[in-house]
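Read the structure below first, then the notes.
The values are calculated or read from the model by the stated rules, or taken from the named source; none is laboratory data. These numbers were taken from a predicted model, which means no experiment stands behind them. Don't worry about glycine lacking a Cβ; one is built from the backbone with ideal geometry, like all the others, and counts go over all protein chains shown. SASA here: full protein model, heavy atoms, side chains in, ligands and nucleic acids out. Shrake-Rupley method; radii C 1.70, N 1.55, O 1.52, S 1.80 Å.
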Amino acid sequence: MTSEHVLPSSWTSWRNLAILVPLGCLTGCGQSDLAFEPVPIGARPGSALPYLSKSDTLMLSWVEPDEEGYHRLRFVRVPEAKVRTAARGADWFVNWADFPSITSLGGKSIVAHSLRRRSERAHGYDFALHFSRDDGASWADAGRPYADTSDTQHGFVSAVPWKAGALVVWLDGRDAAGSMSLRGATLAKSGAVMASHLLDGRVCSCCQTSAARTDSGIVVVYRDRTHGEIRDIASIVLTQDGFSEPRTVHHDGWEIRGCPVNGPAISASGGLTAVAWYTAARDQPRVLLALSQDGGISFEVPFRIDMHRPIGRSGVVITPDKRILASWIENADDGAALFVREVSHNGGTISLTRIADVAGDRSSGFPQIATSAGYVYVAWTDPESKIRLARAAL
């Protein structure tokens, strides 16, 4: 069954935001109860690289150029529309797949990160941390949470509140043998490094990492890489006892001799944890979603959520009442589009929502999905190179 929601005439200028259930469903789908509406955020033309924080306070950040040719990390506390700047620089590494972030650490403490060029090499860059203790009114640069000075990649960062500070994980290219590693650091709220960790010595080189808090700790997900070039999604769990060994979320068996630049996304609510990701194992492009009932220690068999023509760039969120919503970009008959699907805990389809038309190339970046105060929010870059934000009541 398919259905269509007609946009109010007042949304004519937002022609790329639609509520639609087209193209057929893998397991059947019903009419969506998610009626999205635009949320003004003050992003300028030329803005890109949205990031929705996944902590207790929802914030949206993005990168945009200013009049002097610098780049700025801008942010708003959702649903407020007061735009602030967390960081600014002339030496930034601006890349469609590796983007800055902003995360609330609780109270008025916030951590953000930006990417800085180390050299003119294509992949020689660092990331720097920025901390605010007054709800983003002022910021202090904390530098890099690592001592490595190699002219290699340091990026694809995820930050999550942990104890009195944060856990930060990233992809690190310092290994002289050429393997990318996954590393992490636990930080105080001042930005001081409390401990550093090598989490996995061989991972995919440019797929996003993602992390989420559970009742018992933090789960980090990323795309692994074996010596046989199998690049499936793996997870590591941090508890009070330390880090677990890496575990494969599901053995897709995707053999690919190059990075697909299509990382996983994770969300958790209590012990329920969901991971969404793209794979093209056996030359079958799919977006999969797997659930864990034990805080990410083990995952059930995944189920497919796409409609047979996915580009990927997935996102996922578990609402406070345990609804599971996943987002991704898919090729449709009329061009690429951003979709959100609600799924049941056994993999059945509840509804499908077409959010917006997007570019099918790199310019659309990686859309974001998160929840806050009874709403689900989706952020993306539209075909006119501007950040958009929409929300629907849950």
Original post:
Scanning for something among the charged types (D, E, K, R), in a loop (DSSP other than H, G, I, E, B), touching a helix residue (DSSP H, G or I) at 6+ places or on another chain (Cβ under 9 Å) and closer than 23 Å to ILE256 by Cβ, does segment 220-234 turn up at least one residue?
Top reply: yes
**OP:** With the condition kept exactly as written, say whether any residue in segment 359-370 is in contact with a Lys or Arg (Cβ under 7 Å, 6 or more places away or on another chain) and acidic (Asp, Glu).
**Re:** no
Subject >> Failed item, numbered, when PRO302 is tested on (1) open to solvent by 10 Å² or more (accessible area, probe 1.4 Å); (2) over 21 Å from THR273 (Cβ atoms); (3) at pLDDT 95 or above >> reply: (2)
Subject >> Selection from segment 348-365 of residues that are open to solvent by less than 10 Å² (accessible area, probe 1.4 Å) and closer than 20 Å to SER267 by Cβ >> reply: SER351, LEU352, THR353, ILE355, GLY365
Subject >> Subset of segment 361-375 [under 15 Å from the mean Cα position of the chain (by Cα) and in a strand (DSSP E or B)] >> reply: GLN368, ILE369, ALA370, THR371
**OP:** Scan segment 307-326 and give yes if some residue there is in a loop (DSSP other than H, G, I, E, B), at pLDDT 95 or above, under 20 Å from the mean Cα position of the chain (by Cα) and under 29 Å from SER179 (Cβ atoms), otherwise no.
**Re:** no
**OP:** Looking at (1) in contact with a Cys (Cβ under 7 Å, 6 or more places away or on another chain); (2) without any contact (Cβ under 8 Å) to a residue 60 or more places away in the chain, find the lone condition where ALA97 falls short.
**Re:** (2)
Original post:
Exactly one of (1) farther than 23 Å from ASN262 by Cβ; (2) touching a strand residue (DSSP E or B) at 6+ places or on another chain (Cβ under 7 Å); (3) among the hydroxyl-bearing types (Ser, Thr, Tyr) is unmet by THR353. Its number?
Top reply: (1)
Original post:
When SER205 is evaluated against the numbered criteria (1) surrounded by fewer than 24 Cβ atoms within 10 Å (Cβ to Cβ); (2) in a strand (DSSP E or B); (3) polar (S, T, N, Q), which criterion, by number, is the only one it fails?
Top reply: (2)
Subject >> Selection count, segment 152-182, where residues are open to solvent by 30 Å² or more (accessible area, probe 1.4 Å) and not in a loop (DSSP other than H, G, I, E, B) >> reply: 0
Subject >> Positions within segment 258-292 being in contact (Cβ under 8 Å) with a residue 12 or more places away in the chain and assigned to a loop (DSSP other than H, G, I, E, B), in sequence order >> reply: CYS259, PRO260, VAL261, ASN262, GLY263, PRO264, GLY270, GLY271, ALA280, PRO285
Subject >> First in segment 301-319 and more than 27 Å from GLY374 (Cα to Cα), second anywhere and open to solvent by 10 Å² or more (accessible area, probe 1.4 Å) and aromatic (Phe, Trp, Tyr), Cβ under 7 Å, 6 or more apart >> reply: PRO310/TYR278
Original post:
Within segment 250-268, can one find any residue that is of a type in the set (A, V, I, L, M, F, W, C) and touching a Leu at 6+ places or on another chain (Cβ under 7 Å)?
Top reply: no
Original post:
Within segment 240-265, which residues are surrounded by fewer than 24 Cβ atoms within 10 Å (Cβ to Cβ), among the polar types (S, T, N, Q) and either within 19 Å of the chain's Cα centre (by Cα) or modelled with pLDDT of 95 or more (or both)?
Top reply: SER244, THR248
Original post:
Assuming THR149 fulfils every condition listed in (1) surrounded by 21 or more Cβ atoms within 10 Å (Cβ to Cβ); (2) out of contact with any His (no Cβ under 6 Å at 6 or more places or on another chain); (3) polar (S, T, N, Q); (4) farther than 15 Å from ALA87 by Cβ apart from one, which condition is it?
Top reply: (1)
**OP:** At least 1 residues that are modelled with pLDDT of 95 or more, touching a Lys or Arg at 6+ places or on another chain (Cβ under 7 Å) and open to solvent by 60 Å² or more (accessible area, probe 1.4 Å) in each: list the strands (runs of 3 or more DSSP E) lying fully within segment 33-139 that qualify.
**Re:** 84-89
